[in-house]
Amino acid sequence: MNKKENSGYVKTHQNIQKSLLALLGQKDLKKITVSDVCVLASINRSTFYAHFQDLYAVMEAIGQELEGKLTATYANVYLPNDNFMSTDYLSIIIEHIQENKTFYHALFSDSNSTILANNMKLLQSEIVAPFYQKLNVPERQGAYYFTFFRTGFVAILGKWLDDGCPESPRELAKIIFSCLPALTPEITTKFLGRDANA
């Protein structure tokens, strides 16, 4: 049996992740040490390093699991050609972030983490760029538009999490859409969809 398929290994792996999440509910990632996680998880440092290189590797593992859950959610409610820039679509992402706010607050607050940047690159290449092509948006214009959206999206979500998520996911999705500039009237209508301001 592969070590990573061993039930004891899996249980310890998950225990380390849960312990880090619990600590993130108390203090910033930068103030958490491997020793802190080991104490809470009731393991020694050698066991920790048998599973993860460092705390960022733990964060990445948590992020991959959450990304899988989010992808599965979209697979159940959306087709590949659906408009991802709609209030309904964006609300699902925001609701997912709210449900896992301890992790995402740490992620959005840590400038050293590459997880968010990598996820945004994947979003751009796999979903956004093909959608732009379908709407005949010039590649460079689309890239600039997504850069604007990404920067504002991350900043707004960061503030929302800092403030304790005072708006509902749908309310926040509407606020985000209200901040977006127009590409052209024709493209914006297609791009944002009928419910963008609904």
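What follows is calculated from the coordinates using simple rules that are stated; it is not laboratory data. These numbers come from a predicted model, not from an experiment. Neighbour counts run over all protein chains shown; Cβ positions are idealised from the backbone, glycine included.
Each peptide in 162-174, 94-106 was scored by the mean count of other Cβ atoms within 10 Å over its residues; highest first, the order is 94-106, 162-174.
I need the per residue convex hull volume for the range 1-52, using only the alpha carbons, in cubic angstrom as a whole number. Working shown, then result.
Values: hull volume 3.4 nm³, N = 52.
Dividing the Cα hull volume of the range 1-52 by its residues yields 66 Å³.
Length available on full extension from Ala117 to Glu65: 0.36 nm per residue minus the Cα-Cα distance, which gives 17.1 nm.
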